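Undergrad: Mind looking over this structure? Questions follow.
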Amino acid sequence: MEALNSIVGAINGVVWGPLMLVLILGVGFFLQVGLKFMPILKLGTGFGLLFKGREGQGEGQISPFNALMTSLSATIGTGNIAGVATAVFLGGPGALFWMWMTALVGMATKYAEAVLAVKYREKDELGNFVGGPMYYIKNGLGAKWAWLGFAFALFGAIAAFGIGNGVQANGVAQVLEANFGLNTSVTGVVLMILTAAVILGGITRIGAVAGKLVPFMAVSYIVAGLLVLLINIGGIGDALSLVFTHAFTPSAAEGGFAGAAVWAAIRFGVARGVFSNEAGLGSAPIAHAAASTKGPVNQGLVAMLGTFIDTIIVCSITGLAIIASGAWTSGESGAALTSLAFETSLPGLGGYLIAIALSIFAFTTILGWSFYGEKCVGYLLGHKVLIVYRIAWIVMIYFGATADLGFIWLLADTLNAMMAIPNLIALALLSPIVFKLTKEFFASGGASEEGGTTPAE
(Lines give C-alpha, C1' and ligand atoms only; values in the text may rest on other atoms or scores of the structure.)
Protein backbone atom coordinates (compact mmCIF):
# COMPACT_ATOMS: atom_id res chain seq x y z
CA MET A 1 0.00 0.00 0.00
CA GLU A 2 2.89 2.36 0.82
CA ALA A 3 4.43 1.67 -2.59
CA LEU A 4 1.09 2.39 -4.30
CA ASN A 5 0.75 5.57 -2.25
CA SER A 6 4.18 6.79 -3.32
CA ILE A 7 3.54 5.93 -7.00
CA VAL A 8 0.21 7.82 -7.07
CA GLY A 9 1.84 10.65 -5.08
CA ALA A 10 4.60 10.93 -7.69
CA ILE A 11 2.03 10.98 -10.54
CA ASN A 12 0.03 13.60 -8.60
CA GLY A 13 3.11 15.80 -8.35
CA VAL A 14 3.48 15.67 -12.14
CA VAL A 15 -0.18 16.09 -13.19
CA TRP A 16 -0.71 18.96 -10.73
CA GLY A 17 2.71 20.43 -11.49
CA PRO A 18 3.52 23.64 -13.39
CA LEU A 19 2.58 22.17 -16.79
CA MET A 20 -0.97 21.31 -15.65
CA LEU A 21 -1.57 24.70 -14.06
CA VAL A 22 -0.29 26.43 -17.21
CA LEU A 23 -2.58 24.19 -19.31
CA ILE A 24 -5.70 25.00 -17.24
CA LEU A 25 -5.04 28.74 -17.03
CA GLY A 26 -3.61 28.90 -20.56
CA VAL A 27 -6.55 27.21 -22.31
CA GLY A 28 -9.01 29.28 -20.24
CA PHE A 29 -7.20 32.52 -21.07
CA PHE A 30 -6.94 31.56 -24.76
CA LEU A 31 -10.72 30.92 -24.87
CA GLN A 32 -11.46 34.12 -22.94
CA VAL A 33 -9.37 36.20 -25.38
CA GLY A 34 -10.80 34.36 -28.42
CA LEU A 35 -14.31 35.13 -27.14
CA LYS A 36 -13.23 38.78 -26.61
CA PHE A 37 -14.03 38.45 -22.87
CA MET A 38 -17.69 37.82 -23.71
CA PRO A 39 -18.26 35.48 -20.70
CA ILE A 40 -17.38 38.36 -18.35
CA LEU A 41 -19.09 41.10 -20.36
CA LYS A 42 -22.29 39.07 -20.89
CA LEU A 43 -22.68 37.92 -17.28
CA GLY A 44 -25.99 39.81 -17.03
CA THR A 45 -27.26 38.09 -20.21
CA GLY A 46 -26.41 34.73 -18.65
CA PHE A 47 -28.40 35.48 -15.49
CA GLY A 48 -31.32 36.68 -17.63
CA LEU A 49 -31.33 33.40 -19.56
CA LEU A 50 -31.05 31.46 -16.29
CA PHE A 51 -34.26 32.93 -14.89
CA LYS A 52 -36.05 32.46 -18.22
CA GLY A 53 -34.71 28.91 -18.34
CA ARG A 54 -36.84 27.47 -15.55
CA GLU A 55 -38.96 25.93 -18.31
CA GLY A 56 -37.23 24.04 -21.08
CA GLN A 57 -37.30 25.21 -24.71
CA GLY A 58 -36.31 22.72 -27.37
CA GLU A 59 -35.24 19.09 -27.09
CA GLY A 60 -33.79 17.66 -23.87
CA GLN A 61 -34.74 15.97 -20.58
CA ILE A 62 -34.28 18.81 -18.08
CA SER A 63 -34.67 22.60 -18.13
CA PRO A 64 -31.59 24.82 -18.61
CA PHE A 65 -32.06 25.98 -15.00
CA ASN A 66 -32.08 22.42 -13.66
CA ALA A 67 -29.06 21.55 -15.84
CA LEU A 68 -27.12 24.39 -14.16
CA MET A 69 -28.40 23.33 -10.74
CA THR A 70 -27.29 19.73 -11.45
CA SER A 71 -23.81 20.93 -12.40
CA LEU A 72 -23.78 23.25 -9.35
CA SER A 73 -24.92 20.37 -7.15
CA ALA A 74 -21.68 18.64 -8.15
CA THR A 75 -19.45 21.71 -7.85
CA ILE A 76 -20.76 23.33 -4.66
CA GLY A 77 -19.45 20.73 -2.23
CA THR A 78 -16.60 20.12 0.17
CA GLY A 79 -14.36 22.20 -2.13
CA ASN A 80 -16.21 25.36 -1.11
CA ILE A 81 -15.77 24.72 2.61
CA ALA A 82 -12.83 22.35 3.11
CA GLY A 83 -11.07 23.04 -0.21
CA VAL A 84 -10.86 26.82 0.20
CA ALA A 85 -9.62 26.37 3.79
CA THR A 86 -6.97 23.88 2.64
CA ALA A 87 -5.81 26.30 -0.08
CA VAL A 88 -5.42 29.13 2.46
CA PHE A 89 -3.75 26.81 5.00
CA LEU A 90 -1.18 25.54 2.47
CA GLY A 91 -0.79 28.59 0.23
CA GLY A 92 -1.63 31.51 2.49
CA PRO A 93 -4.21 34.27 1.80
CA GLY A 94 -2.76 34.76 -1.71
CA ALA A 95 -4.26 31.40 -2.73
CA LEU A 96 -7.70 33.07 -2.79
CA PHE A 97 -6.48 35.51 -5.47
CA TRP A 98 -5.37 32.60 -7.67
CA MET A 99 -8.74 30.90 -7.12
CA TRP A 100 -10.34 34.08 -8.52
CA MET A 101 -8.02 34.05 -11.53
CA THR A 102 -8.91 30.40 -12.16
CA ALA A 103 -12.59 31.34 -12.05
CA LEU A 104 -12.31 34.34 -14.40
CA VAL A 105 -10.64 32.28 -17.13
CA GLY A 106 -12.72 29.25 -16.08
CA MET A 107 -15.93 31.03 -17.08
CA ALA A 108 -14.76 30.90 -20.70
CA THR A 109 -13.77 27.24 -20.29
CA LYS A 110 -17.15 26.29 -18.82
CA TYR A 111 -18.94 28.26 -21.56
CA ALA A 112 -16.99 26.43 -24.30
CA GLU A 113 -17.60 23.04 -22.65
CA ALA A 114 -21.39 23.54 -22.64
CA VAL A 115 -21.48 24.92 -26.19
CA LEU A 116 -19.64 21.85 -27.48
CA ALA A 117 -21.68 19.47 -25.27
CA VAL A 118 -24.97 20.64 -26.83
CA LYS A 119 -23.51 20.97 -30.34
CA TYR A 120 -22.19 17.40 -30.41
CA ARG A 121 -24.63 15.56 -28.13
CA GLU A 122 -26.33 12.33 -29.18
CA LYS A 123 -29.47 10.39 -28.37
CA ASP A 124 -28.76 7.05 -26.72
CA GLU A 125 -30.62 3.74 -27.16
CA LEU A 126 -33.22 4.86 -24.62
CA GLY A 127 -33.89 8.14 -26.42
CA ASN A 128 -32.11 10.29 -23.82
CA PHE A 129 -29.65 13.03 -24.68
CA VAL A 130 -26.04 12.25 -23.80
CA GLY A 131 -23.01 14.47 -24.23
CA GLY A 132 -19.82 15.75 -22.71
CA PRO A 133 -16.11 15.60 -23.60
CA MET A 134 -16.16 11.99 -24.82
CA TYR A 135 -18.91 12.90 -27.33
CA TYR A 136 -17.50 16.20 -28.54
CA ILE A 137 -14.14 14.48 -28.98
CA LYS A 138 -15.72 11.64 -30.97
CA ASN A 139 -18.15 13.72 -33.04
CA GLY A 140 -16.11 16.91 -33.28
CA LEU A 141 -12.56 15.63 -33.75
CA GLY A 142 -13.32 12.36 -35.54
CA ALA A 143 -12.31 8.70 -35.27
CA LYS A 144 -8.54 9.31 -34.99
CA TRP A 145 -9.15 11.07 -31.66
CA ALA A 146 -11.56 8.43 -30.29
CA TRP A 147 -8.86 7.16 -27.88
CA LEU A 148 -8.86 10.57 -26.20
CA GLY A 149 -12.62 10.36 -25.57
CA PHE A 150 -12.16 6.83 -24.23
CA ALA A 151 -9.41 8.07 -21.88
CA PHE A 152 -11.66 10.85 -20.55
CA ALA A 153 -14.56 8.45 -19.92
CA LEU A 154 -12.27 5.93 -18.20
CA PHE A 155 -10.68 8.54 -15.89
CA GLY A 156 -14.10 10.09 -15.24
CA ALA A 157 -15.76 6.78 -14.35
CA ILE A 158 -13.06 5.99 -11.77
CA ALA A 159 -12.54 9.55 -10.49
CA ALA A 160 -16.28 9.89 -9.79
CA PHE A 161 -16.03 7.31 -7.01
CA GLY A 162 -13.36 9.45 -5.36
CA ILE A 163 -14.17 13.13 -5.86
CA GLY A 164 -17.93 12.65 -6.14
CA ASN A 165 -18.59 9.82 -3.70
CA GLY A 166 -16.05 8.58 -1.14
CA VAL A 167 -14.52 11.98 -0.39
CA GLN A 168 -17.96 13.61 -0.01
CA ALA A 169 -19.42 10.83 2.19
CA ASN A 170 -16.30 10.92 4.36
CA GLY A 171 -16.60 14.68 4.77
CA VAL A 172 -20.22 14.39 5.92
CA ALA A 173 -19.49 11.52 8.32
CA GLN A 174 -16.51 13.28 9.92
CA VAL A 175 -18.22 16.63 10.39
CA LEU A 176 -21.42 15.09 11.82
CA GLU A 177 -19.43 12.93 14.22
CA ALA A 178 -17.35 15.93 15.39
CA ASN A 179 -20.32 18.27 15.89
CA PHE A 180 -23.23 15.99 16.77
CA GLY A 181 -21.51 12.77 17.93
CA LEU A 182 -23.26 10.81 15.14
CA ASN A 183 -21.68 7.43 14.42
CA THR A 184 -20.09 7.28 10.95
CA SER A 185 -21.91 4.00 10.19
CA VAL A 186 -25.28 5.65 10.81
CA THR A 187 -24.34 8.54 8.52
CA GLY A 188 -23.25 6.05 5.85
CA VAL A 189 -26.56 4.15 5.94
CA VAL A 190 -28.69 7.33 5.89
CA LEU A 191 -26.70 8.74 2.97
CA MET A 192 -27.09 5.44 1.08
CA ILE A 193 -30.89 5.50 1.50
CA LEU A 194 -31.26 9.17 0.52
CA THR A 195 -28.99 8.77 -2.52
CA ALA A 196 -30.75 5.61 -3.71
CA ALA A 197 -34.12 7.37 -3.50
CA VAL A 198 -32.88 10.03 -5.94
CA ILE A 199 -30.41 8.44 -8.38
CA LEU A 200 -32.55 5.42 -9.21
CA GLY A 201 -34.91 7.92 -10.86
CA GLY A 202 -32.22 9.08 -13.32
CA ILE A 203 -31.37 12.61 -14.51
CA THR A 204 -34.96 13.89 -14.38
CA ARG A 205 -35.21 13.21 -10.64
CA ILE A 206 -31.63 14.35 -9.97
CA GLY A 207 -32.37 17.60 -11.84
CA ALA A 208 -35.65 18.13 -9.95
CA VAL A 209 -34.02 17.60 -6.54
CA ALA A 210 -31.01 19.77 -7.48
CA GLY A 211 -33.32 22.51 -8.78
CA LYS A 212 -34.91 22.82 -5.32
CA LEU A 213 -32.05 21.95 -2.96
CA VAL A 214 -29.11 23.79 -4.58
CA PRO A 215 -30.61 27.32 -4.62
CA PHE A 216 -31.78 26.87 -1.00
CA MET A 217 -28.43 25.65 0.29
CA ALA A 218 -26.37 28.18 -1.69
CA VAL A 219 -28.45 31.17 -0.57
CA SER A 220 -28.49 29.96 3.06
CA TYR A 221 -24.70 29.57 3.11
CA ILE A 222 -24.16 32.95 1.41
CA VAL A 223 -26.41 34.67 4.00
CA ALA A 224 -24.58 32.99 6.91
CA GLY A 225 -21.19 33.87 5.35
CA LEU A 226 -22.19 37.51 4.80
CA LEU A 227 -23.25 37.66 8.47
CA VAL A 228 -19.78 36.45 9.49
CA LEU A 229 -18.19 39.07 7.21
CA LEU A 230 -20.46 41.77 8.68
CA ILE A 231 -19.35 40.82 12.20
CA ASN A 232 -15.72 41.03 11.03
CA ILE A 233 -16.26 44.11 8.83
CA GLY A 234 -13.30 45.90 10.42
CA GLY A 235 -10.97 43.16 9.21
CA ILE A 236 -12.19 42.89 5.60
CA GLY A 237 -9.89 45.67 4.31
CA ASP A 238 -6.86 43.98 5.86
CA ALA A 239 -8.05 40.59 4.58
CA LEU A 240 -8.26 41.86 0.98
CA SER A 241 -4.83 43.48 1.38
CA LEU A 242 -3.39 40.12 2.50
CA VAL A 243 -5.01 38.36 -0.47
CA PHE A 244 -3.48 40.70 -3.04
CA THR A 245 -0.03 41.10 -1.44
CA HIS A 246 0.46 37.39 -0.69
CA ALA A 247 -0.56 36.49 -4.25
CA PHE A 248 2.82 37.88 -5.38
CA THR A 249 4.98 37.85 -2.23
CA PRO A 250 5.65 34.95 0.18
CA SER A 251 3.40 34.63 3.26
CA ALA A 252 5.40 34.82 6.48
CA ALA A 253 4.83 32.31 9.29
CA GLU A 254 2.24 33.68 11.72
CA GLY A 255 0.62 31.96 14.70
CA GLY A 256 -0.08 28.37 13.68
CA PHE A 257 0.46 29.20 9.99
CA ALA A 258 3.78 27.80 8.75
CA GLY A 259 4.32 30.33 5.96
CA ALA A 260 4.10 29.75 2.19
CA ALA A 261 5.99 30.65 -0.98
CA VAL A 262 4.28 32.39 -3.91
CA TRP A 263 4.41 29.11 -5.86
CA ALA A 264 2.37 27.45 -3.07
CA ALA A 265 -0.26 30.21 -3.32
CA ILE A 266 -0.52 29.69 -7.09
CA ARG A 267 -0.44 25.89 -6.96
CA PHE A 268 -3.01 25.42 -4.20
CA GLY A 269 -5.16 28.33 -5.33
CA VAL A 270 -5.47 26.95 -8.87
CA ALA A 271 -5.74 23.27 -7.82
CA ARG A 272 -8.41 23.93 -5.17
CA GLY A 273 -10.15 26.36 -7.52
CA VAL A 274 -10.43 23.68 -10.20
CA PHE A 275 -11.47 21.11 -7.56
CA SER A 276 -14.24 23.48 -6.49
CA ASN A 277 -15.61 24.91 -9.77
CA GLU A 278 -14.51 22.05 -12.07
CA ALA A 279 -13.87 24.42 -15.01
CA GLY A 280 -11.79 22.46 -17.51
CA LEU A 281 -12.43 19.16 -15.78
CA GLY A 282 -15.12 18.21 -18.31
CA SER A 283 -17.73 17.10 -15.78
CA ALA A 284 -20.32 19.92 -16.01
CA PRO A 285 -20.93 19.62 -19.79
CA ILE A 286 -22.27 16.10 -19.17
CA ALA A 287 -25.19 17.69 -17.28
CA HIS A 288 -25.63 20.60 -19.72
CA ALA A 289 -25.90 18.16 -22.64
CA ALA A 290 -29.24 16.97 -21.21
CA ALA A 291 -30.77 20.48 -21.20
CA SER A 292 -33.87 21.29 -23.23
CA THR A 293 -32.32 24.44 -24.69
CA LYS A 294 -32.71 26.52 -27.85
CA GLY A 295 -29.13 25.75 -28.79
CA PRO A 296 -25.44 25.53 -27.81
CA VAL A 297 -24.72 29.22 -27.09
CA ASN A 298 -27.87 29.66 -25.02
CA GLN A 299 -26.77 26.82 -22.74
CA GLY A 300 -23.17 28.04 -22.72
CA LEU A 301 -24.28 31.42 -21.37
CA VAL A 302 -26.14 29.65 -18.56
CA ALA A 303 -23.31 27.17 -17.89
CA MET A 304 -20.63 29.83 -17.35
CA LEU A 305 -22.61 31.14 -14.36
CA GLY A 306 -21.70 27.95 -12.49
CA THR A 307 -18.05 29.01 -12.19
CA PHE A 308 -19.00 32.57 -11.19
CA ILE A 309 -21.47 31.43 -8.49
CA ASP A 310 -19.22 28.67 -7.16
CA THR A 311 -15.90 30.52 -6.91
CA ILE A 312 -16.41 34.28 -7.18
CA ILE A 313 -19.37 34.21 -4.75
CA VAL A 314 -19.34 31.11 -2.52
CA CYS A 315 -15.58 30.43 -2.28
CA SER A 316 -14.86 34.15 -1.77
CA ILE A 317 -17.20 34.26 1.21
CA THR A 318 -15.49 31.23 2.77
CA GLY A 319 -11.99 32.54 2.11
CA LEU A 320 -12.64 36.08 3.34
CA ALA A 321 -14.41 34.77 6.45
CA ILE A 322 -11.34 32.63 7.28
CA ILE A 323 -8.88 35.51 6.72
CA ALA A 324 -10.93 38.40 8.20
CA SER A 325 -11.73 36.43 11.39
CA GLY A 326 -8.01 35.70 11.90
CA ALA A 327 -8.69 31.94 11.94
CA TRP A 328 -6.18 31.36 9.11
CA THR A 329 -3.27 31.68 11.59
CA SER A 330 -4.76 29.09 13.99
CA GLY A 331 -2.97 26.06 12.51
CA GLU A 332 -6.30 24.39 11.67
CA SER A 333 -6.94 23.12 8.13
CA GLY A 334 -9.82 21.89 5.99
CA ALA A 335 -13.41 22.03 7.22
CA ALA A 336 -12.17 22.51 10.80
CA LEU A 337 -10.63 25.85 9.77
CA THR A 338 -13.85 27.12 8.15
CA SER A 339 -15.80 25.86 11.16
CA LEU A 340 -13.46 27.78 13.50
CA ALA A 341 -13.91 31.00 11.48
CA PHE A 342 -17.71 30.75 11.69
CA GLU A 343 -17.72 29.58 15.33
CA THR A 344 -15.45 32.49 16.37
CA SER A 345 -17.87 34.96 14.79
CA LEU A 346 -21.11 33.14 15.71
CA PRO A 347 -20.36 31.36 19.03
CA GLY A 348 -22.50 28.31 19.68
CA LEU A 349 -23.96 28.42 16.19
CA GLY A 350 -21.19 28.79 13.58
CA GLY A 351 -19.77 25.27 13.94
CA TYR A 352 -23.21 23.69 13.56
CA LEU A 353 -23.96 25.88 10.52
CA ILE A 354 -20.83 24.62 8.77
CA ALA A 355 -21.61 21.01 9.71
CA ILE A 356 -25.10 21.24 8.21
CA ALA A 357 -23.96 23.20 5.13
CA LEU A 358 -21.14 20.77 4.39
CA SER A 359 -23.51 17.82 4.78
CA ILE A 360 -26.05 19.21 2.31
CA PHE A 361 -23.34 20.41 -0.11
CA ALA A 362 -21.67 16.99 -0.08
CA PHE A 363 -24.97 15.11 -0.49
CA THR A 364 -25.87 17.09 -3.63
CA THR A 365 -22.34 16.53 -4.96
CA ILE A 366 -22.87 12.77 -4.57
CA LEU A 367 -26.06 13.12 -6.67
CA GLY A 368 -24.47 15.23 -9.42
CA TRP A 369 -21.38 13.07 -9.73
CA SER A 370 -23.42 9.87 -9.82
CA PHE A 371 -24.83 11.16 -13.11
CA TYR A 372 -21.39 12.12 -14.47
CA GLY A 373 -19.89 8.74 -13.59
CA GLU A 374 -22.91 6.95 -14.99
CA LYS A 375 -22.60 8.67 -18.36
CA CYS A 376 -18.88 7.85 -18.53
CA VAL A 377 -19.63 4.17 -17.81
CA GLY A 378 -22.51 4.22 -20.30
CA TYR A 379 -20.16 5.55 -22.98
CA LEU A 380 -17.63 2.79 -22.28
CA LEU A 381 -19.92 -0.21 -21.70
CA GLY A 382 -23.46 0.71 -22.81
CA HIS A 383 -26.64 1.45 -20.83
CA LYS A 384 -27.23 -2.16 -19.73
CA VAL A 385 -24.55 -1.94 -17.01
CA LEU A 386 -25.97 1.23 -15.46
CA ILE A 387 -28.08 -0.50 -12.80
CA VAL A 388 -24.94 -2.33 -11.63
CA TYR A 389 -23.10 0.99 -11.58
CA ARG A 390 -25.83 2.67 -9.51
CA ILE A 391 -25.76 -0.15 -6.94
CA ALA A 392 -21.94 0.06 -6.73
CA TRP A 393 -22.28 3.84 -6.29
CA ILE A 394 -24.68 3.42 -3.37
CA VAL A 395 -22.46 0.79 -1.68
CA MET A 396 -19.36 3.01 -2.06
CA ILE A 397 -21.07 5.71 0.03
CA TYR A 398 -20.96 3.49 3.14
CA PHE A 399 -17.32 2.61 2.52
CA GLY A 400 -16.47 6.28 2.04
CA ALA A 401 -18.27 7.33 5.22
CA THR A 402 -16.56 4.75 7.44
CA ALA A 403 -13.02 4.31 5.99
CA ASP A 404 -9.79 6.27 6.21
CA LEU A 405 -9.66 8.09 2.88
CA GLY A 406 -6.14 9.50 2.78
CA PHE A 407 -5.27 7.43 -0.28
CA ILE A 408 -8.70 8.00 -1.91
CA TRP A 409 -8.19 11.78 -1.61
CA LEU A 410 -4.82 11.44 -3.36
CA LEU A 411 -6.20 9.18 -6.09
CA ALA A 412 -9.24 11.41 -6.68
CA ASP A 413 -7.04 14.51 -6.94
CA THR A 414 -4.74 12.72 -9.43
CA LEU A 415 -7.58 11.39 -11.61
CA ASN A 416 -9.19 14.85 -11.61
CA ALA A 417 -6.15 16.20 -13.40
CA MET A 418 -6.07 13.20 -15.75
CA MET A 419 -9.72 13.89 -16.69
CA ALA A 420 -8.86 17.49 -17.43
CA ILE A 421 -6.02 16.75 -19.87
CA PRO A 422 -8.13 15.11 -22.68
CA ASN A 423 -10.84 17.73 -22.18
CA LEU A 424 -8.47 20.71 -22.39
CA ILE A 425 -6.85 19.30 -25.54
CA ALA A 426 -10.31 18.94 -27.12
CA LEU A 427 -11.34 22.47 -26.10
CA ALA A 428 -8.23 23.94 -27.69
CA LEU A 429 -8.70 21.96 -30.93
CA LEU A 430 -12.44 22.70 -31.16
CA SER A 431 -12.13 26.37 -30.15
CA PRO A 432 -12.75 27.62 -33.75
CA ILE A 433 -16.21 25.98 -33.61
CA VAL A 434 -16.95 27.74 -30.29
CA PHE A 435 -15.81 31.12 -31.66
CA LYS A 436 -17.83 30.64 -34.89
CA LEU A 437 -21.07 29.65 -33.11
CA THR A 438 -20.69 32.55 -30.67
CA LYS A 439 -20.06 35.12 -33.39
CA GLU A 440 -23.08 33.91 -35.40
CA PHE A 441 -25.30 33.94 -32.31
CA PHE A 442 -24.54 37.53 -31.36
CA ALA A 443 -24.51 38.72 -34.99
CA SER A 444 -28.10 37.49 -35.27
CA GLY A 445 -29.01 39.13 -31.97
CA GLY A 446 -29.48 35.71 -30.40
CA ALA A 447 -32.82 35.43 -32.17
CA SER A 448 -32.39 31.87 -33.39
CA GLU A 449 -29.97 29.07 -32.89
CA GLU A 450 -29.58 25.62 -34.27
CA GLY A 451 -29.45 22.79 -31.77
CA GLY A 452 -26.82 20.15 -32.33
CA THR A 453 -27.82 16.55 -31.97
CA THR A 454 -25.65 13.93 -33.61
CA PRO A 455 -27.43 10.65 -34.36
CA ALA A 456 -26.09 7.75 -32.29
CA GLU A 457 -24.03 5.35 -34.33
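Undergrad: Given the -39500 (n - 2.57) contribution per DSSP H run of 4+ residues, what per-residue ellipticity at 222 nm results for the chain, rounded to the nearest 500 deg cm²/dmol? Each step should come with its number before you reach the end.
TA: Details: 21 runs with 331 residues, N = 457.
Dividing the helical sum by the residues of the chain leaves -24000 deg cm²/dmol.
Undergrad: Still on this structure: Among the GluC sites (Glu not before Pro) within the stretch 1-96, which fall in a DSSP loop and have no more than 12 other Cβ atoms within 10 Å of their own Cβ? Write out the running numbers ahead of the final one.
TA: Numbers: sites: GLU2, GLU55, GLU59; in loops: GLU55, GLU59.
When the GluC sites (Glu not before Pro) of the stretch 1-96 are filtered for loop state and at most 12 Cβ neighbours within 10 Å, GLU55 remain.
Undergrad: Can you give the percent of C-alpha pairs in the stretch 104-164 whose distance is more than 16 Å?
TA: Working: 1003 of 1830 pairs.
Cα-Cα pairs of the stretch 104-164 separated by over 16 Å account for 55 percent.
Undergrad: A further question on this structure: Could you please state how large a percent of the accessible area of the stretch 1-132 is carbon and sulfur, counting protein chains only and using a 1.4 Å probe? Write out the running numbers ahead of the final one.
TA: Numbers: 3270 of 4810 Å².
Its accessible area is 68 percent carbon and sulfur atoms.
Undergrad: How do 171-179, 6-14 rank on mean C-beta neighbours within 10 Å, highest first?
TA: Numbers: 171-179: 22.0, 6-14: 13.1.
Most protected by this proxy first, the peptides run 171-179, 6-14.
Undergrad: Keeping every protein chain present and rolling a 1.4 Å probe, give me the accessible area per residue for the stretch 60-168 in Å². Spell out each step's value before the answer.
TA: Details: 2380 Å² over 109 residues.
Accessible surface, normalised per residue, equals 22 Å².
Undergrad: Another one. Looking at the stretch 350-419 from every direction and averaging, what is the projected area of its Cα convex hull in nm²? Present the calculation step by step, with values, prior to reporting the outcome.
TA: On the way: hull surface 23.2 nm².
Approximately 5.8 nm², given one-decimal rounding.
Undergrad: So, one more: Please give, to one decimal in nm, the separation of the simple spin-label points placed at LYS123 and THR245, each 7 Å out from Cα toward the Cβ.
TA: So the label points at LYS123 and THR245 sit 6.2 nm apart.
Undergrad: Something else about it: When the expected Rg is taken as 2.2 N^0.38 Å, what fraction or multiple of it is the alpha-carbon Rg of the stretch 258-313?
TA: Numbers: Rg = 14.9 Å, N = 56, 2.2 N^0.38 = 10.2 Å.
The value comes to 1.46.
Undergrad: A follow-up question, please. Which order do the peptides 63-71, 410-418 come out in when sorted by mean C-beta neighbours inside 10 angstrom, highest first?
TA: Numbers: 63-71: 28.9, 410-418: 22.0.
Highest-to-lowest ranking by the protection proxy: 63-71, 410-418.
Undergrad: Tell me the Rg and the Dmax, in Å, that the Cα atoms of the stretch 104-254 produce.
TA: Just the Cα atoms of the stretch 104-254 yield Rg and Dmax of 21.4, 59 Å.
Undergrad: Which translational diffusion coefficient, to the nearest whole µm²/s, is obtained for the chain from the Stokes-Einstein equation, given a Kirkwood hydrodynamic radius over C-alpha pairs, 4 °C and 1.567 mPa s? Walk me through the numbers before you get to the answer.
TA: Details: Rh = 21.6 Å.
My calculation gives 60 µm²/s for D.
Undergrad: Could I ask something else about it? In debye, nearest 20, what is the charge dipole magnitude of the chain about its Cα centre with +1 on Lys and Arg Cβ and -1 on Asp and Glu Cβ, if you could check?
TA: With only Lys, Arg, Asp and Glu charged at Cβ, the dipole is about 940 debye.
Undergrad: What is the spin-label model distance, in nm, from SER444 to PHE180 if the labels are put 7 Å beyond Cα along the C-beta direction?
TA: Between SER444 and PHE180, the simple spin-label model gives 5.1 nm.
Undergrad: Continuing with the same structure: Of the accessible area of the stretch 317-457, with the probe set at 1.4 angstrom, what percent is carbon plus sulfur? Working shown, then result.
TA: Details: 3610 of 5400 Å².
So the carbon and sulfur contribution to the accessible surface is 67 percent.
Undergrad: Another question, if that's okay. To two decimal places, what compactness ratio does the stretch 148-220 give when its Cα radius of gyration is scaled by 2.2 N^0.38 Å? Numbers along the way, then the final one.
TA: Working: Rg = 14.9 Å, N = 73, 2.2 N^0.38 = 11.2 Å.
Compactness ratio reported: 1.33.
Undergrad: A follow-up question, please. Could you list, in their original order, any pairs among LYS110/LYS144; LYS375/LYS436; LYS36/LYS439; LYS119/LYS436; LYS36/LYS294; LYS294/LYS439 whose Cα atoms are separated by more than 18 Å?
TA: Numbers: LYS110/LYS144 25 Å; LYS375/LYS436 28 Å; LYS36/LYS439 10 Å; LYS119/LYS436 12 Å; LYS36/LYS294 23 Å; LYS294/LYS439 16 Å.
From LYS110/LYS144; LYS375/LYS436; LYS36/LYS439; LYS119/LYS436; LYS36/LYS294; LYS294/LYS439, over 18 Å: LYS110/LYS144; LYS375/LYS436; LYS36/LYS294.
Undergrad: Between the helical axis of 167-180 and the dominant principal axis of the chain, each derived from Cα atoms, what acute angle in degrees is found, rounded to the nearest 10?
TA: Between the helix axis and the principal axis of the chain, the angle is about 30 degrees.
Undergrad: Still on this structure, please answer the following. Rg/Rh for the stretch 54-136 to two decimals, with Rh computed the Kirkwood way over all alpha-carbon pairs. Let's see the in-between values first.
TA: On the way: Rg = 16.6 Å, Rh = 15.1 Å.
In the stretch 54-136, Rg relative to Rh is 1.09.
Undergrad: Note down the relative contact order for the chain as a percent, whole number, built from C-alpha pairs under 8 angstrom at least six residues apart.
TA: On the way: 884 pairs, mean separation 164.4, N = 457.
Contact order relative to length: 36 percent.
Undergrad: Shifting gears a bit: Helix 43-52 sits at what angle to the longest principal axis of the chain, using alpha carbons and giving 0 to 90 degrees rounded to 10?
TA: The two axes meet at around 70 degrees.
Undergrad: What whole-number value in Å² describes the accessible area per residue of the stretch 221-357 for a 1.4 Å probe?
TA: Numbers: 4180 Å² over 137 residues.
In whole numbers, the stretch 221-357 has 30 Å² accessible per residue.
The values are calculated or read from the model by the stated rules, or taken from the named source; none is laboratory data. Quick caveat: nothing in here was measured; it's all calculated off a predicted structure. Please note: Cβ atoms are built from the backbone with ideal geometry, for glycine as well, and neighbour counts cover all protein chains shown. For accessibility, only protein heavy atoms count, side chains too; no ligands or nucleic acids. Shrake-Rupley method; radii C 1.70, N 1.55, O 1.52, S 1.80 Å.
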